[in-house]
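Heads up: the structure comes next, in C-alpha cells.
Every number in this text was worked out from the coordinates using simple rules, so none of it is lab data. This structure is a prediction, so every number in the text was calculated from the model and none was measured. Note: ideal-geometry Cβ built from the backbone for every residue, glycine included; neighbour counts use all protein chains shown.
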Amino acid sequence: MLSSIGAHTMSPPSQATAFAPASVGNIGVGFDLLGHAIDGPRDVARVRRIDAPVVRIDAIGGDAAGAGSLPLAAEENTAGRALIALRDTLGLAHGFALELDKGIPLGSGLGGSAASCVAALVAANALLEAPLPRAALYPFALDGEAVSSGSRHGDNVAPMLLGGVVMATAARMIALATPGWLHCVVVHPDQVLETRRSRAALAEPYPLHVIIEQQAHLALFLTGLQRGDAALIAEGLRDVLVEPRRAPLIPGFAGVKAAALDHDALGASISGGGPSVFAWFASQAQAQAAAPAMRAGFTDAGFDARVHVSPVAGPRADIIDTARDKPPLLHP
C-alpha cells in the first residue's frame, strides 16, 4: 500500500529530453492539411523546470544548417513561443529553461521549425503535475509554428505529435490509416528555400477547374489510404495546385521526380515548402532501389543531397529521458 501511495504522490521530474522527427508536409495533394512523419533527421529538446515564471532559451546547437542563426529570445523562437503559450494557458507558477539540439536543417521542407516546438512541448509536458494528452498540445504547437511560417498550419506539427499520416485542421488532428507496406524516399539538396518565399509563389488566384481537379485527387488519395489501395493512392498523389508554382524555385526538381516515377513511385512531389522532394513507393525494396537515382537528380543539377528512406508511418515525437539532476545537453 505504501509503495502505491508513493507512486501516486511522487513529484514530476525536474527536466526531460524529447525528440521530434522530420516530416513531409502537404504530401502533395493536401496543402496545409496533410503530413507524415519520417524516420530520419530529428530535433532534440531538453526542458528544465525553473522557479522564475518565464520561458528561457539557454542554448541552441546541433549540426543542422542554420542552427546558429536561430533566435534565443523565446518570443521569437518557435519552441520558445510554444512553451510561452503552454505556460500562459495553464497559468503555471513555474517557468521553463530550454536547450535545443537541431538535427533538421532550416529551410529544408522537412519541418525544422515545427520539430523544435513539438520536441519542446513534449518535454515540457512531461514536467507537469498532470501531463496533457497529445491533442491538447496541438494549439500550442500551432502558436509556435506561426512564428516561423506566419500562419497557423498543422501539416508538420500534427504528424510529429501523432506519428504516421495525419490530417490537420485548424482545430484538430486526425490520424489516418497508413498501410505498413508504404515507404517513402525523401531527398534533401544543399539548397535553402525559406517558407515565406515558397508561400509567396502561391499568391495569385487559381482557376476553378484546377481547384476541382485537386479536390478529386485528394479524395482519391484519402480513399486509397483508407482502403490500402496502391492504385488509388497513385491516382490521387498528383499535385496540380502547388507543385507547378513552386517547382521552378527548386533546381533539379524535375530530374528527381522523373527518377522516382521511372522507379515505379506511386507519386512524387515537393516536401513542405521545399526544396526537399519526396516519393511514395509500394514497398521498402522499391524505395531503396529508387533512392540513388533520385539523389542523382539533384547532383546532376549541381547540388549535393542527402537521402532518407523511411516507412510512411514514421514515428511520433517522444520522451528520450527524464531526470531530476543531469548536466546540460548543450554548452553555449
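Side notes on the structure shown:
- In this structure, the amide hydrogen of Gly111, modeled 1.01 Å from its nitrogen in the peptide plane, lies closer than 5 angstrom to those of Ser23, counting only residues at least 5 positions away or on a different chain.
- With the simple spin-label model, which puts each label point 7 Å out from Cα in the Cβ direction, the Gln215 to Glu194 separation comes to 3.5 nm.
- Max mean-square fluctuation residue, GNM over the chain, Cα-Cα springs under 10 Å, options Pro207, Pro189, Pro139: Pro207
- One decimal place: the segment Leu128-Arg152 gains 6.1 nm when fully extended, by the rule 0.36 nm per residue minus the C-alpha distance.
- By the count of other C-beta atoms within 10 Å, a proxy for reagent exposure, Ile50, Ile38, Ile174 are ordered fewest to most as Ile174, Ile50, Ile38.
- Amide H to amide H, with H built 1.01 Å from N, Ile50 comes under 5 Å of Gly95, Phe96, Ala97, counting only residues 5 or more places away or on other chains.
- Cα gyration tensor, the stretch 245-290 - rounded (a/c under 1.5), prolate or oblate: prolate
- P(r) of the stretch 179-311 over all Cα-Cα pairs, binned every 5 Å from zero, in whole percent: 2, 12, 20, 21, 20, 15, 9, 2, 0
- For Leu176, the residues 5 or more places off, or on other chains, whose built amide H falls under 5 Å of its own are Val165, Val166, Met167.
- The HN-Hα couplings worked out from phi for the stretch 26-39 by the Karplus form 6.51 cos²θ - 1.76 cosθ + 1.60 (θ = phi - 60°) are 6, 6, x, 7, x, 4, 6, 10, 10, x, 9, 7, 10, 8 Hz, whole numbers, x standing for Gly and Pro.
- Extension gain for Ala52-Ala289 works out to 80.0 nm (0.36 nm per residue, less the C-alpha to C-alpha distance).
- Selection among Ala85, Gly154, Ile27 by position relative to the dipole of the stretch 1-157 gives Ala85 as farthest towards the positive end (Cβ unit charges, Cα centre).
- Simple point charges give the picture: +1 on the Cβ of Lys and Arg, -1 on the Cβ of Asp and Glu, and for the chain a dipole about the Cα centre of about 360 debye.
- Rounded, prolate or oblate (a/c below 1.5 giving rounded, otherwise prolate when a/b exceeds b/c) for the chain by Cα gyration tensor: prolate
- In order along the stretch 191-198, the Karplus-derived 3J(HN,Hα) couplings, from 6.51 cos²θ - 1.76 cosθ + 1.60 at θ = phi - 60°, round to 9, 10, 10, 5, 4, 5, 5, 5 Hz, and Gly and Pro are given as x.
- For the stretch 99-180, the gyration tensor built on C-alpha atoms gives a rounded shape. Its axis ratio a/c (a ≥ b ≥ c) stays under 1.5.
- The HN-Hα couplings worked out from phi for the stretch 83-98 by the Karplus form 6.51 cos²θ - 1.76 cosθ + 1.60 (θ = phi - 60°) are 5, 4, 4, 4, 4, 5, 5, 7, x, 6, 7, 9, x, 9, 10, 10 Hz, whole numbers, x standing for Gly and Pro.
- Taking 0.36 nm per residue of sequence separation and removing the Cα-Cα distance, the Met10/Thr322 pair yields an extension gain of 111.0 nm.
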